[in-house]
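> Have a look at this one.
The values are calculated or read from the model by the stated rules, or taken from the named source; none is laboratory data. Keep in mind the model is a prediction, meaning the values are calculated, not measured. Cβ atoms come from the backbone with ideal geometry, glycine included; neighbour counts cover every protein chain shown. Quick note on the areas: whole protein, heavy atoms, side chains included, nothing else; ligands and nucleic acids left out. Shrake-Rupley method; radii C 1.70, N 1.55, O 1.52, S 1.80 Å.
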Amino acid sequence: MISSIGREKTKGRSSFFGRVKINSGYLTLLLIFTVLIPLDFSSSQTLKPIPVAEGTRFFYKPQKKDEIKTIAVAGTFNNWKPDTYLMTYDTVGKYWFADVPLKTGIEFFYKFVLNGNKWITDPNAHNVTEDEWRNSIIIPQKYGAPFVQKIFPPQNKRVIRKPVISVFLKSEKGEIDEKSILLKLNNSSLPFKYDKKKGEVSAEIKGEIEDGEHRIFISFADKEGNSNEGFTSFFFLDRYIHQIETPAFYDSAIVYEIYIRQFSDSDGDGIGDFNGITSRLGYLQDTLGVNVLWLMPWNESTTDHGYNVVDYFSIEKDYGTYDDYIAFIQACKQRNIRVLMDFVINHTDSTHSYFLDAYRNPQSKFSSWYQFTNSENTDWNHFGVERKMPKLNFDNKEVQDYFIHIAKFWMDPNSDGDFSDGVDGFRCDAAKEVPHSYWNRFRKEVKKVNKEILLLGEVWDNPYFLIPFFKEEFDMLFDYPVYYGIEEYLLKNDVASIKKRLSEPSELYPVGAQTIKFLSNHDNDRPVSKFNDIDLKKIGLGLIFTLPGTPMIYYGDELGFEGVLPPENVRQKFDWQRVRENLDHSNSIFNFYRDLILLRNKYSPLWKRHEKGGVSLNFIEFRENELFAYLRTDGKKHYLIISNNSGREIVSPSILLNSLPAKIRKIKSAAKIFDLAGLVENPEIKVFAKQNKFFTLNDVLIEKRSFVIYELL
Ligand SMILES: [Ca+2]
Ligand SMILES: [Ca+2]
Ligand SMILES: [Ca+2]
């Protein structure tokens with residue numbers, strides 16, 4: 001789940017490989033040095049934060065739409081309190097500013113708070129987190145001291161081979177004094193070369209170093225004697241090939257996300273419930289064609305969305321009884337539909353009995369279950385700004401055991417060793433808030449009970465951040481990197497970006513890693529609204545149904561629902577009347593979804609895993625380079641997927657011969673099996689002509705804004 005305001009990334013970065021013991025000192029160290037900020041003092045006119053004698057000066061230039069009564073800076077340096085650092089208006093510069101005394105060399109996250117309640121990312125921030133929070137990042141630098149502009153390997157990034165270290169230094173007040181530079185790798189000083197012109201310190205690492213975490217330290221001064229006492233950055237070396245075993249069922253599956261409250265009401269109280277879903281299984285499986293259901297939380301909660309659990313063994317009373325739940329699970333089993341439980345264990349609700357016991361009661365045996373921050377147990381760490389979501393303490397073995405116990409309960413509620421009353425997997429909420437070492441143990445414990453259980457993690461971040469979550473932790477993660485890649489491709493026709501976002505993970509993730517491909521979910525805009533064009537949405541769908549990974553549909557998207565955040569706008573009531581209208585129209589969005597599912601079921605190379613050593617995804621280059629194209633093949637059957645998001649229609653496009661795998665270069669014809677109108681009933685055979693280095697697809701017309709699939713014959 002998300003809340004709209006900024007919040008720090010916490011333990012996600014610690015124990016990167018799931019094998020490092022966490023202790024608070026280590027954690028603090030990692031939190032301190034996370035992302036490097038290339039400070040540019042000369043361009044302070046751009047209103048980026050700058051060092052001043054009093055600390056760090058933040059600026060905000062009002063936008064036309066703003067009605068500013070107050071504006072403040074809040075962040076990890078003041079526990080996100082929205083009124084500590086109020087800004088002052090500068091009538092000359094026509095901007096707001098505040099000087100905040102901040103420790104230098106330490107990373108902080110921050111946002112601006114408009115009128116006490118609207119949280120905005122600093123539009124001039126040096127850096128912004130790549131996660132759901134979009135927090136502005138600052139590492140305050142000492143006023144007047146030289147600084148590090150850029151470093152390689154980047155902070156906290158994984159590298160797969162021994163790197164050449166490179167650090168760019170800059171001083172506004174005179175040249176860097178070469179003799180002052182001290183570079184260290186871990187605890188040993190490292191010989192380096194210094195390029196005066198570029199300000200670059202570079203160093204090769206001689207001899208062997210181990211896989212794992214490494215620390216770079218550099219200190220330096222300028223010729224006027226201003227010194228930077230030290231800058232520290234971490235990188236992770238990870239060269240070994242790793243393989244994980246994951247449940248093959250999900251390669252060919254289609255996932256459907258349901259907000260129970262809004263989906264189907266069986267008893268007329270206006271609230272969706274388990275009996276409602278049970279009565280709609282025919283719609284889900286026979287009419288639409290999905291076979292995995294991810295249900296948003298069904299435990300008792302004090303909020304509508306349910307992401308703060310009051311009792312982990314309960315069924316939300318709005319959703320029905322325990323018997324209704326069991327009847328639902330058994331109906332799913334009969335149809336071979338799998339059910340994923342939303343597992344929300346980073347925090348509980350503040351009315352959870354254990355929290356109530358510990359609140360204002362330091363003697364409580366549950367004191368050490370939570371993260372109280374004062375001795376009276378009246379203040380605590382919580383999820384985001386939600387004080388009603390107190391964070392659990394996973395260093396406590398009782399907490400660890402408790403959630404393994406809960407998982408085992410839902411896998412087999414009557415504990416008779418027969419899983420026909422149990423869930424098929426866990427969708428683990430806010431997984432990066434919980435330590436790697438815990439997920440690692442969790443995997444071992446639940447897989448021992450049932451190897452087929454799917455462990456799906458919600459980790460909203462970049463691919464480098466995702467890697468360790470695959471290592472003996474999760475089978476599957478939501479593919480946020482590709483989610484953003486598709487967005488950049490559809491909205492900006494950025495072909496290079498989507499290729500990079502697709503190829504990077506296949507090089508980085510371990511063999512066997514599974515991903516969910518999606519255009520939306522309960523925390524994101526509905527695709528019709530986001531792309532504002534039904535053909536763009538269809539191209540996006542075409543991609544997620546033909547790229548490696550498991551496609552997911554967010555309830556209502558199949559009916560073309562609209563909606564942009566905040567979340568309540570994308571979590572609307574399902575519309576059963578609209579289903580009937582959609583079914584009646586052969587060119588409806590619903591029928592396009594159905595055709596995509598039929599397509600995927602019919603042509604199995606479209607869902608085959610893409611893995612090192614067993615490549616089944618190749619990018620295909622056209623002479624017309626505005627086309628984005630790839631090949632999906634199992635070695636026998638070959639499918640060429642072409643997407644044209646340019647404003648130009650293309651006649652008889654030419655494939656660059658050497659972008660095709662050798663075996664396929666002899667192919668002479670193709671038949672169109674799918675386009676934006678859905679499955680093609682009677683494919684017409686088109687002939688290829690080979691000329692020099694190209695294959696020309698004679699008489700093929702690729703329309704502007706189109707998505708087509710050819711079977712190569
Ligand atoms: Ca109801
Ligand atoms: Ca409730
Ligand atoms: Ca059982």
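> Restricting the search to segment 646-660, which residues are in contact with a Phe, Trp or Tyr (Cβ under 7 Å, 6 or more places away or on another chain), open to solvent by 10 Å² or more (accessible area, probe 1.4 Å) and either assigned to a strand (DSSP E or B) or closer than 16 Å to Leu490 by Cα (or both)?
Across segment 646-660, the qualifying residue is only Leu656.
> Residues that are open to solvent by 40 Å² or more (accessible area, probe 1.4 Å): find the helices (runs of 4 or more DSSP H) completely inside segment 504-603 holding 2 or more of those.
In segment 504-603, the matching helices (runs of 4 or more DSSP H) lie at 534-546, 576-584, 589-602.
> Test Thr303 against the stated conditions and say whether it is modelled with pLDDT of 95 or more, open to solvent by less than 50 Å² (accessible area, probe 1.4 Å), away from ligand 3 (no atom under 16 Å from the Cβ) and not assigned by TED's automatic domain parsing to the domain that holds Phe263.
So Thr303 fails the test.
Residues checked against (1) open to solvent by less than 40 Å² (accessible area, probe 1.4 Å); (2) at pLDDT below 95:
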site: Asn187; (1), (2): no, yes
site: Lys193; (1), (2): no, no
site: Val201; (1), (2): yes, no
site: Gly207; (1), (2): no, yes
site: Asn228; (1), (2): yes, yes
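> A further question on this structure: For Val446, indicate whether it is open to solvent by less than 10 Å² (accessible area, probe 1.4 Å), part of a loop (DSSP other than H, G, I, E, B) and either touching a Phe, Trp or Tyr at 6+ places or on another chain (Cβ under 6 Å) or in the same structural domain as Ile315 (by TED's automatic domain parsing) (or both). Quick ask: steps written out before the conclusion?
On the way: open to solvent by less than 10 Å² (accessible area, probe 1.4 Å): yes; part of a loop (DSSP other than H, G, I, E, B): no; either touching a Phe, Trp or Tyr at 6+ places or on another chain (Cβ under 6 Å) or in the same structural domain as Ile315 (by TED's automatic domain parsing) (or both): yes.
So Val446 fails the test.
> Something else: Among the residues of segment 315-327, is any away from ligand 1 (no atom under 16 Å from the Cβ) and either open to solvent by 10 Å² or more (accessible area, probe 1.4 Å) or modelled with pLDDT of 95 or more (or both)?
The answer is yes; a qualifying residue exists.
> Please state which of the following conditions Gln330 fails to meet, knowing it meets all the rest: (1) at pLDDT 95 or above; (2) away from ligand 1 (no atom under 16 Å from the Cβ); (3) under 28 Å from Gln285 (Cβ atoms); (4) open to solvent by less than 60 Å² (accessible area, probe 1.4 Å).
(4)
> So which residues in segment 381-401 are within 28 Å of Trp133 (Cβ to Cβ) and either more than 27 Å from the chain's Cα centre (by Cα) or in a helix (DSSP H, G or I) (or both)?
Asn396, Val399, Gln400
> For the subset of segment 672-713 comprising residues that are loosely packed, with under 14 Cβ neighbours inside 10 Å and among the small types (Gly, Ala, Ser), which member is nearest to Phe531 (Cα to Cα)?
Ala677
> Next question, about the same structure. Read through the list (1) in contact (Cβ under 8 Å) with a residue 40 or more places away in the chain; (2) open to solvent by less than 30 Å² (accessible area, probe 1.4 Å), then give the number of the only condition that Lys499 fails.
Condition not satisfied by Lys499: (2).
> Got at least one residue in segment 396-408 being within 18 Å of Leu295 (Cβ to Cβ), within 15 Å of ligand 3 (Cβ to nearest atom), surrounded by fewer than 17 Cβ atoms within 10 Å (Cβ to Cβ) and not β-branched (Val, Ile, Thr)?
The answer is no; no qualifying residue exists.
> In this structure, does Val423 turn out to be assigned to a loop (DSSP other than H, G, I, E, B), within 15 Å of ligand 3 (Cβ to nearest atom), within 29 Å of the chain's Cα centre (by Cα) and under 30 Å from Asp286 (Cα atoms)?
Yes; evaluated as a whole, the condition is true for this residue.
> With (1) in a loop (DSSP other than H, G, I, E, B); (2) in contact with a strand residue (DSSP E or B) (Cβ under 8 Å, 6 or more places away or on another chain) as the list, and Ser415 as the residue in question, which single condition is left unmet?
That leaves (2) as the condition not met.
> Residues to consider are Lys61, Lys48, Lys69; find the one that is under 33 Å from the mean Cα position of the chain (by Cα) and farther than 14 Å from Pro140 by Cα.
Every option except Lys61 fails the conditions.
> If a residue has to be open to solvent by 10 Å² or more (accessible area, probe 1.4 Å) and part of a loop (DSSP other than H, G, I, E, B) to count, how many in segment 116-144 make the cut?
Number of matching residues: 14.
> Output the number of residues of segment 293-312 satisfying the condition of being charged (D, E, K, R) and out of contact with any Ser or Thr (no Cβ under 7 Å at 6 or more places or on another chain).
Residues in segment 293-312 being charged (D, E, K, R) and out of contact with any Ser or Thr (no Cβ under 7 Å at 6 or more places or on another chain): 2 in total.
> Still on this structure, I have one more. Working only within segment 308-338, note down all residues that are more than 16 Å from ligand 3 (Cβ to nearest atom) and β-branched (Val, Ile, Thr).
Within segment 308-338, Val309, Val310, Ile315, Thr321, Ile337 qualify.
> Look at Arg501 and say whether it is at pLDDT below 95 and over 25 Å from Ile258 (Cβ atoms).
Spelling it out, Arg501 is indeed at pLDDT below 95 and over 25 Å from Ile258 (Cβ atoms).
> Only one of Val159, Val164 is outside the structural domain of Pro49 (by TED's automatic domain parsing), open to solvent by less than 70 Å² (accessible area, probe 1.4 Å) and among the aliphatic types (A, V, I, L, M). Can you tell me which?
Working: Val164 fails: open to solvent by less than 70 Å² (accessible area, probe 1.4 Å).
After applying the criteria, what remains is Val159.
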